[in-house]
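Have a look at the structure below, then the notes.
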Amino acid sequence: MKTKTASLLLGIIFLAAGLLGFVPNPIIGMHDAIFHADTVHSIVHIVSGLFFLFFALAMPEKAHVFMMAFGAIYFLIGVLGMINIGSEGTTQLLGFLHVNGADNYFHMGMGAISFLAGFLRPKSRVVA
């Protein structure tokens with residue numbers, strides 16, 4: 001897998017998560033959902049997804065830098081959430097981002113995946 005492909009996949013995942021936050025469902029939402037996401041949180045997911053897609057399609061040679069930076073920040077947001085509430089309850093991080101325990105795990109997991117995917121490189125071909 002190439003960094004570009006990973007960036008495309010993560011972009012689609014974040015766009016889907018963001019859009020799902022605007023539709024009543026048991027997975028992502030404000031009340032009684034697994035992941036707590038209000039309008040602002042859903043917009044953050046959509047914008048994140050658009051950044052992944054931008055780097056994959058317009059600047060694939062820089063996608064690895066974006067993915068590692070994004071992954072580190074996203075992982076730290078998850079850690080900050082864990083420090084504030086652990087794996088239960090809800091809180092507002094950074095003054096605007098409503099999260100719950102499941103979000104904290106998601107942020108740490110997606111952060112780690114994004115960071116590590118930044119190390120993916122296409123196989124170099126030896127021409128004989």
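Read the figures in this text as sums done on the coordinates, not as results from a lab. Every value quoted in this text rests on a predicted model; they were computed, and no experiment measured them. Heads up, the Cβs are rebuilt from the backbone with ideal geometry, glycines too, and the neighbour counts pull from every protein chain shown.
Taking the inverse of the mean reciprocal distance over all distinct Cα pairs, the Kirkwood hydrodynamic radius of segment 12-57 comes to 10.4 Å.
Label-to-label distance, F22 versus F54, with points set 7 angstrom from Cα along the beta-carbon direction: 1.8 nm. Between T5, V23, I113, the Cα set farthest toward the positive side of the dipole of the chain (charges on each charged residue's Cβ, about the Cα centre) is that of T5. Remark: relative contact order (the chain) = 29 percent; criterion is Cα-Cα distance under 8 angstrom and separation of 6 or more residues. Think of the chain as a dipole: +1 on every Lys or Arg Cβ, -1 on every Asp or Glu Cβ, centred on the Cα centre; then among T90, H45, A56, A56 lies furthest on the positive end.
Charged side chains reduced to their Cβ positions (Lys and Arg at +1, Asp and Glu at -1) give the chain a dipole of some 820 debye around its Cα centre.
Computed from Cα positions, the angle between helix 39-57 and the longest principal axis of the chain comes to roughly 0 degrees.
FRET efficiency for the L120 to I12 pair, using the beta carbon distance and R₀ = 22 Å, is estimated at 0.85. Think of it as helices only: each DSSP H run of n ≥ 4 in the chain is worth -39500 (n - 2.57), and spread over all residues that comes to -20500 deg cm²/dmol at 222 nm. For the chain, the longest principal axis of the alpha carbon atoms and the long axis of helix 3-20 meet at an angle near 20°. How large is the translational diffusion coefficient of segment 3-117 in µm² per second when you combine the Kirkwood radius over alpha carbon pairs with Stokes-Einstein at 25 °C and 0.890 mPa s? My calculation gives 175 µm²/s for D.
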